[in-house]
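Single-structure report; data block below.
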Amino acid sequence: MMRMMMRVFSMAVLLAVGPIAAQAGEFFSNSFSYQGQLKVDGQPADGDYDFEFEIWDAAFGGNSFGAEVVNEVDVRDGLFTIRVDIGEDIFTGQSRWLAVRVRENEESPWVSVGNRQQVVATPHALVSADAARLGGQTSSFYRNATNIFTGTLNVNRLPTQAARLDMAQTFTAAPRFGSAGAPFSVTSSAQIPNLNASMVGGMTASQLMSGGVSAPLELTGDISGGNVISAVNTASGNASTAINGHSSSSTGSSAAIIGRSDSNTGTGVFGRSVAPSGTTYGVRGTSASDSGRGVFGQALASSGSTVGGQFVATNSPNGRGVFADGSQYGGYLLARESNGVGVFAWANSTTGQTAGLLGQAASNEGRGVYGLATNLSGSNFGVFGEARGSSGVGVYGEAGTTGVQGESDNTTGTGYGGFFRSRSTGGYGVFGVATAGTGTTYGGYFLTNSANGTGVHGFAGNIATGTSKGVYGESSANGGRGVHGKANSGVGVYAESNSTGTNRPALFVTNTNVGGIGMFSRTTSSDANAVFVNRGSGDIVRGFSGPTGGDLVFRVQNNGRTVTRSLQITGGSDLAEPFDVTTADDADVKPIPGMVMVIDESRPGQLTPATSAYDRRVAGVISGANDLAPGMIMTADGNAIVDGAHPVALTGRVWCLCDASTGPIVPGDLLTTSSTAGHAMKVTDHGAAQGAIIGKAMTPLKEGRGLVLLLVSLQ
């Protein structure tokens, strides 16, 4: 690299050609061809070189417009040709200079070759910003409108004083119409707005505005499909009104506007909103009185199916038959008769997902539908919904918090916040669906604050046929709950049944998926995950299997006895019992897993480490050495003489401390106690070993002391 830095590059430009077109007829691109001769240390260069071309707006200093690097250019006898394309919007007619740098390879430094070279125009490199002649005429010819005989003149070329038909204009002078007939002729049913007529019906405008019209004003017409009175207000303000009725009487049942229809199918007041979007209202009423009504409808007939106010849903998929908005009550409906109904919502369609009543609330504490029954006696209902369609919904609530909330304030008797009933053989008293695909959703969420209350009380009547459900919950979300019960101090879900048999339990759980789980229990409690209590004499737990579920394979009897066909233990490999272990006060031996134990003659039920060879008091080995836990520990709770802190293996496989100083131990050797405290040794005197054999060795020990896997078999 140091040798490269000492080299001197020089270059002579043979030919630089301006913008190039790829094919005939195409526009010229911004690329150009650059030809030259490169010399290194005064000699023509040969080989591959890297070139960098950079465009500037001055011979020295100035601004750079971009650069392009062309690698591995083939240079022969110093000659080369390169096509350079630095970018667009560079050659705009202003002076430009080209700087060239060269290097031998990527590891060599760039070396400038001479000073910047001014880029000069070639026959096709520059385009004039303003053509001198067009069609043989100069530009001044086309700037004179009198020379234009045909074509369309742009309206912007017209003077502002010219009258136009395509826009509203203000005339500063009074227009005059010279026609002997009517000055205006309207060929359509459209009206001419803002026309200041001097006389209307023989009356001046001042007479009309000052009350010159005698009361009452009656307009009669026979217009089929039309309007006797039509008022249009084109203003876009929030307070704009086409018709404004005002009754100034402060007392009495006065009305600003009364609508009446004598037709059997007529409408007293009909409001229609035709806007395809936005929050529009066919009829909207407001009242500022603390006991007023924005809209009041009354049916005076004493019989028949009369309706104080009837509203029909719009054709829009998001339309509302009734939309009420208020700071206290969105809608307030009252029935005073003994059999009256405050709200009667009816979906008469026999198909589809219809709703007799749909309530929605966006408030954190809002109610989509709130029904209140204040009578303290009788079968009254805050909200009663009924749907007779095959897919109908008696009451359907949807909200950001609570779609439907029922509340019973009665402090005595059997009150229901919500009472649901289904008479169908396959129906549901309550059917809750959580359709969200994610999150912790609830098909039904019920709460009670009473000490003896019930969050959910589902009742399926005594129906002889069908699969009736007192409560049925379903959720399609991954983390959803078909039924979710939660209690902060009580019982989350409480199931109770008065029936007998396996098909009528208090809680019946089934999973139809071949890989599913019928019941899953999880807790972080320090007490217990599951507790089963039987106050009678029957079994505590039973387990069934088989295609029909009738094969009894496991049971826990009322006295604690477990009956099973087979028991497999995977946590250990020996059968042990707990013992208390004593040692001499001056002994250094402490009981540890793997030690050989013998019966302590001075302490009934306790053991002590073995300290002599061929001791016939041998009892077993403390389990747990070499991380091999006992498979089963048998205890007798409450009986101190058969209890203790150390599990001692009585049978099975256990790691045992051994001493091979009396002879190497090989698998199959009989083992007995040794004089080394807590250690076993190989049996060499079979006569002395009778009654003192611990078991057989399963792993070897050639010398010294260590652990041997022992198959416990006391003899």
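Each of the peptides 691-699, 523-531, 647-655 was scored by the mean count of other Cβ atoms within 10 Å over its residues; in descending order, highest first, they stand as 647-655, 691-699, 523-531. In terms of packing, defined here as the mean over residues of other Cβ atoms within 10 angstrom, the peptides 639-645, 553-559, 660-666, 675-681 line up highest first as 675-681, 660-666, 553-559, 639-645.
So if I average 1/r over every pair of distinct C-alpha atoms in segment 563-642 and take the inverse, what Kirkwood radius in Å does that give? Numbers along the way, then the final one.
Values: mean 1/r = 0.0702 Å⁻¹.
Kirkwood radius, segment 563-642: 14.3 Å.
Size of segment 602-670: Rg and Dmax of its alpha carbons, in Å, are 14.3, 45. Eigenvalues of the alpha-carbon gyration tensor of segment 471-568, scaled by 5 and square-rooted, set the equivalent ellipsoid semi-axes at 26, 19, 16 angstrom, largest first. In this label model, Thr286 and Asn105 are separated by 8.5 nm, measuring between points 7 Å along each Cα→Cβ vector.
A P(r) calculated from all alpha carbon pairs of segment 561-715, with 10 Å bins opening at zero, reads 12, 42, 33, 11, 2, 0 percent. Compared with the alpha-carbon gap, the fully stretched path from Ile592 to Gln161 is longer by 143.6 nm at 0.36 nm per residue. Bridges between two residues of segment 538-656, per DSSP, are antiparallel at a rate of about 90%. Paramagnetic label reach from Arg76 (point 7 Å along Cα→Cβ; backbone nitrogen cut-off under 20 Å): within segment 41-60, residues 43-51.
Where a number appears in this text, it was derived from the coordinates with a stated rule and is not lab data. Since we're looking at a predicted model, the values are computed, not measured. Neighbour counts are summed over all protein chains in view; Cβ atoms, including those assigned to glycine, are modelled from backbone coordinates with ideal geometry.
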